[in-house]
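The values are calculated or read from the model by the stated rules, or taken from the named source; none is laboratory data. Just so you know, these numbers come straight off a predicted model, no measurement behind them. Note that we place each Cβ from the backbone using ideal geometry, even for glycine, and neighbour counts take in every protein chain shown.
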């Protein structure tokens with residue numbers, strides 16, 4: 001009986017062998033190399049993936065899904081990228097799994113905040129909204145709220161997914177409306193003057209270098225600006 005241990009149920013097969021197999025008993029993984037997988041092994045792997053994701057959702061209720069690479073390694077070391085893609089395709093086609101970017105979750109799973117986390121999220125949003133371009137760092141917020149930093153970070157990332165905050169750098173999050181307004185002012189300045197110095201940008205932000213530098217580098221990564229020596233200019237389209 002085929003094993004459910006990943007690629008131990010995978011074998012090489014020529015086109016003739018794959019074509020001759022009874023329908024539904026094998027799944028072709030690789031047309032070029034003729035790799036096939038027993039259908040019951042794929043079913044077993046899908047059931048294991050569902051169990052792993054269910055455990056992940058229970059353990060991490062604030063996260064929308066498990067990284068695909070983490071799921072692959074959790075399924076077993078024999079699971080390669082092609083087998084994982086086939087497994088995820090099967091999960092989506094059968095309405096059992098969903099994938100958003102690099103995150104995989106059970107079909108229908110959504111992050112639902114309980115009363116405590118809901119109140120914390122709204123508290124965080126008000127703090128960041130009021131702080132504008134000069135928000136506290138993650139550690140400072142955690143200390144103020146008497147919450148573990150890793151818990152606060154999950155709540156902040158929830159606000160990022162809901163497009164209320166933007167993740168600027170490792171521990172810096174900024175209100176999305178405040179960042180949009182800064183982007184507009186920066187663009188107007190560069191269109192009118194051609195360039196901006198760090199000191200001028202600091203005046204625009206109104207804060208210290210601990211906020212100014214990450215924000216300037218964010219716009220570089222966003223490909224709005226590019227640094228040329230001591231100034232920044234609009235990046236050519």
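A few points about this structure:
- Residue count for the stretch 122-169 under the criterion of being in contact with a strand residue (DSSP E or B) (Cβ under 6 Å, 6 or more places away or on another chain), crowded, with 17+ Cβ neighbours inside 10 Å and either part of a helix (DSSP H, G or I) or assigned by TED's automatic domain parsing to the domain that holds residue 202 (or both): the result is 3.
- Leading residue by the ranking (surrounded by the most Cβ atoms within 10 Å (Cβ to Cβ)) among those in the stretch 68-80 that are closer than 13 Å to residue 102 by Cα and either assigned by TED's automatic domain parsing to the domain that holds residue 121 or out of contact with any strand residue (DSSP E or B) (no Cβ under 6 Å at 6 or more places or on another chain) (or both): 72
- Within the stretch 195-206, tally of residues that are touching a residue at least 40 places away in the same chain (Cβ under 8 Å) and surrounded by 15 or more Cβ atoms within 10 Å (Cβ to Cβ): 1
- Scanning the stretch 214-236 for residues that are part of a helix (DSSP H, G or I) and out of contact with any strand residue (DSSP E or B) (no Cβ under 9 Å at 6 or more places or on another chain) yields one hit, 221.
- Candidates are the residues of the stretch 170-182 that are modelled with pLDDT of 95 or more and surrounded by fewer than 16 Cβ atoms within 10 Å (Cβ to Cβ); the one that is nearest to residue 224 (Cα to Cα) is 180.
- Reported count of residues in the stretch 89-100, each being in contact with a helix residue (DSSP H, G or I) (Cβ under 9 Å, 6 or more places away or on another chain) and not in a helix (DSSP H, G or I), is 5.
- On the stretch given as the stretch 69-85, residues that are assigned to a helix (DSSP H, G or I) and either more than 16 Å from residue 47 (Cα to Cα) or touching a helix residue (DSSP H, G or I) at 6+ places or on another chain (Cβ under 7 Å) (or both) total 10.
- Test: residue in the stretch 104-121 that is farther than 30 Å from residue 175 by Cα and either surrounded by fewer than 17 Cβ atoms within 10 Å (Cβ to Cβ) or touching a helix residue (DSSP H, G or I) at 6+ places or on another chain (Cβ under 8 Å) (or both): yes
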